[in-house]
Amino acid sequence: MALLLITTLLTAALKIGYYESFYGDSSNYHFFIKKAPTLQLKFRHIFANDGDHKEIVWLRPDEREAVINYCRYRIGIDTKLETQADLDACVAL
């Protein structure tokens, strides 16, 4: 029984991810099925709280890495994030 529980939790960790968005004083969690397995559970979606259009030239290194991870695991697109079109494709969801 314990082995079944451990297997279920590990499978869930590999397949389910989430990101947090903030609206006013409240926060919302958005869960999704990952397109590729990883032990990372929490993702950063830099566009979740902001309606502004972001330009690739203004992304900080930590934002760039967050977009690359989000794009790969949430959307299923492997990108090096070299062009504005790459960034725009990762914002789709």
- request: Could you please find all residues in region 38-93 being hydrophobic (A, V, I, L, M, F, W, C), assigned to a loop (DSSP other than H, G, I, E, B) and over 13 Å from the mean Cα position of the chain (by Cα)?
  value: Leu59, Leu81
Residue list for region 1-32, filter: assigned to a strand (DSSP E or B) and loosely packed, with under 13 Cβ neighbours inside 10 Å: Ile16, Phe22, Tyr23, Ser26, Ser27, Asn28, Tyr29, Phe31
- line: Counted residues in region 69-93 being hydroxyl-bearing (Ser, Thr, Tyr) and either farther than 12 Å from Phe32 by Cβ or surrounded by fewer than 13 Cβ atoms within 10 Å (Cβ to Cβ) (or both) come to 2
statement: Here the residues within region 45-67 that are surrounded by 10 or more Cβ atoms within 10 Å (Cβ to Cβ), over 20 Å from Glu82 (Cβ atoms) and of a type in the set (D, E, K, R) are Asp50
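Bear in mind these aren't lab numbers, they're just calculated from the coordinates by the rules spelled out. Source: prediction; values computed, not measured. Quick reminder, even Gly has a Cβ in these numbers, built from the backbone with ideal geometry, and neighbours come from all protein chains shown.
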